[in-house]
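Notes to accompany the following structure.
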Amino acid sequence: MKIIHDKQAMRVWAIAEKAKGRSIGFVPTMGALHEGHASLVRAAVERDDVTVASVFVNPTQFAPHEDLDSYPRTFEEDCALLEKLGVDIVYAPDAETMYPEGYATYVTVEGLSEGLCSLTRPHFFRGVATVVTKLFCTVLPDRAYFGQKDAQQCAIIKRMAEDLDLAVEIVEMPIIRETDGLAMSSRNRYLSAEERQKALNISAALRRAQAMLAAGERDGAAIVNAVREGMAPLDIDYVVLVDARTMVPVDRICGEVLLAVAANMGSARLIDNIKFAVPQDNEAALEMTAKENVPCC
Ligand code: AMP
């Protein structure tokens, strides 16, 4: 495994691999890696001919009051894990190279970037879309792997890739959880034992909602209220039910929906979600109802 810091060297390597007809799988990360990141890397190693993982704590997605300086940095451990997983290149540019003096260009994905996490982090998705575009321009991936853990981010990157005609397939991978249900996150290490215990209310509330959905509940407010109740001991940022593709809030559950939550816990901000697709035969029944002129969703 090679570690590349230089933009130009990264691109030269990527062009050479492409010239050999090899597909490049890419996993962008901010480091402090855990099993969630590892699952993306495993998918890339299995599917693509060569794999690049980037480790870059991107300053443009942090507001001045956020945790850019204290964000966990464990580069050596990250590299050891990535090597074990079979990564070919770790791309680790520095902030000065990514955003040199005079840097002035940003990517904004409208609509999708306006609700959920944007309400409290309005700067965030512009920073993410910009850095991902820049990384794509250097790594030249055929496929890039992202986690459903950051579902709004995934939807935005997919939209961006489509809108900008980027020649990359965006692959969304499932959320990896600790055995007790807590969604893995680099920021979980900020939690005290007591906070971590309290944080389990999040996944427990989502599991209950999943059971309600599976049992046929189709009223959005009933689901959202149940999750709010389950997360009551926490400082809730949002609990929303949206269309999984457009991120537009829905009242009735139809097609594929995303139930997404965020809460503040000490110095950590925790997000989690589940997706639910109304089963086909259920959809057909709903369509029949709609044809009979009864509003369904
Ligand atoms: P980050 O290092 O937090 O920027 O995350 C890098 C990538 O790992 C993003 O695509 C995340 O969605 C993904 N990721 C983070 N946590 C998890 C998790 N628990 N399960 C699956 N993917 C994850």
Self-check item: Under 5 Å, built H, 5+ apart or other chain: amide partners of GLY147
Solution: MET173
Quiz item: GNM on the chain, C-alpha springs below 10 Å: top fluctuator among PHE136, PHE75, PHE56?
Solution: PHE75
Quiz item: About its Cα centre, how strong a charge dipole does the chain have in debye, to the nearest 20, once Lys and Arg get +1 and Asp and Glu get -1 at the Cβ?
Solution: 220 debye
Quiz item: When Lys and Arg each count +1 and Asp and Glu each count -1, what net charge do the other residues less than 13 Å away from GLY115, Cβ to Cβ, add up to?
Solution: -3
Quiz item: How much length is gained on full extension from ARG22 to ARG208, taking 0.36 nm per residue of separation minus their Cα-Cα distance?
Solution: 62.5 nm
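Report the extension gain between GLN8 and ALA95 in nm, rounded to one decimal, defined as 0.36 nm multiplied by the number of residues separating them, less their alpha carbon distance.
Answer, rounded to one decimal: 29.8 nm.
First select every other residue whose beta carbon is under 11 angstrom from the beta carbon of ASP150; then total the charges, Lys and Arg +1, Asp and Glu -1.
-1
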Quiz prompt | Under 9 Å, Cβ to Cβ, from ALA244 - net charge with Lys/Arg +1 and Asp/Glu -1 | solution = 0
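Would you calculate, for the chain, the mean residue ellipticity at 222 nm contributed by helices, counting each DSSP H stretch of 4 or more residues as -39,500 (n - 2.57) and dividing by all residues, to the nearest 500?
Helix-only estimate at 222 nm: -12500 deg cm²/dmol.
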Quiz item: In what sequence, highest mean first, do 179-190, 159-170, 121-132, 18-29 appear when ranked by Cβ atoms within 10 angstrom?
Solution: 121-132, 18-29, 179-190, 159-170
Quiz item: Could you give the dipole magnitude of region 147-258 about its Cα centre, charging the beta-carbon of Lys and Arg +1 and that of Asp and Glu -1, in debye to the nearest 20?
Solution: 320 debye
Quiz item: Mind listing the phi-derived Karplus ³J(HN,Hα) values for region 249-265, rounded to whole Hz, using 6.51, -1.76 and 1.60 with θ = phi - 60°, and x for any glycine or proline?
Solution: x, 10, 8, 10, 8, 8, x, 9, 10, 10, 9, 10, 9, 9, 8, 9, 9
Quiz prompt | Placed amide H near LYS2: partners under 5 Å, 5+ positions off or other chain | solution = ILE89, VAL90
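Since every read-out is calculated from the coordinates, none of them should be taken as a lab result. Everything quoted here is computed from the prediction, not taken from an experiment. Positions of Cβ are generated from backbone atoms using ideal geometry, with glycine treated the same way; all protein chains shown enter the neighbour counts.
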